[in-house]
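Just below is one structure, and these are the notes that go with it.
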Amino acid sequence: MYTNAAKYGVNPKLIMTSGVSGGGWICLGANLLLAKANKGNMVKAMFLWTPMISDELGAVPLDQRTGIEHSYAEVESCFKLLANDLDK
């Protein structure tokens, strides 16, 4: 989209990505790859609408879930990964 912005009548300075659920994961991953390739300037905003950032909770049987605090613990490692350099 960035490369062909004029062809589609898009302002390349106003490109945003967005994703819902699993699409949020794809959006986040694509933007992380752009940033890692020093092309983060191609996207000005990212909107993650209820992003699925981990499928670990879905693998836990319902009777073994202890509540909402359990779901936070399941994705804590994902948040830590996203906050660090991907090369580490």
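Numbers for the structure displayed
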{"read-out": "Where a residue in region 32-53 is closer than 16 Å to residue 16 by Cα and its partner, wherever it lies, is among the small types (Gly, Ala, Ser) and part of a strand (DSSP E or B), with Cβ under 6 Å and at least six apart", "value": "47/18"}
{"read-out": "Residue 8 vs. criteria exposed (fewer than 12 other Cβ atoms within 10 Å of the Cβ), of a type in the set (Ser, Thr, Tyr), over 15 Å from the mean Cα position of the chain (by Cα) and modelled with pLDDT under 90", "value": "no"}
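Here's the yes/no breakdown for (1) of a type in the set (Ser, Thr, Tyr); (2) modelled with pLDDT of 60 or more; (3) surrounded by 14 or more Cβ atoms within 10 Å (Cβ to Cβ); (4) in a loop (DSSP other than H, G, I, E, B):
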| residue | (1), (2), (3), (4) |
| --- | --- |
| 3 | yes, yes, no, yes |
| 18 | yes, yes, no, no |
| 25 | no, yes, yes, no |
| 28 | no, yes, yes, no |
| 41 | no, yes, no, no |
| 66 | yes, yes, no, yes |
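The values are calculated or read from the model by the stated rules, or taken from the named source; none is laboratory data. Owing to the predicted nature of the structure, the values given are computational and were not obtained by experimental measurement. FYI the Cβ positions are ideal-geometry reconstructions off the backbone, even for glycines, and counts take in every protein chain you see.
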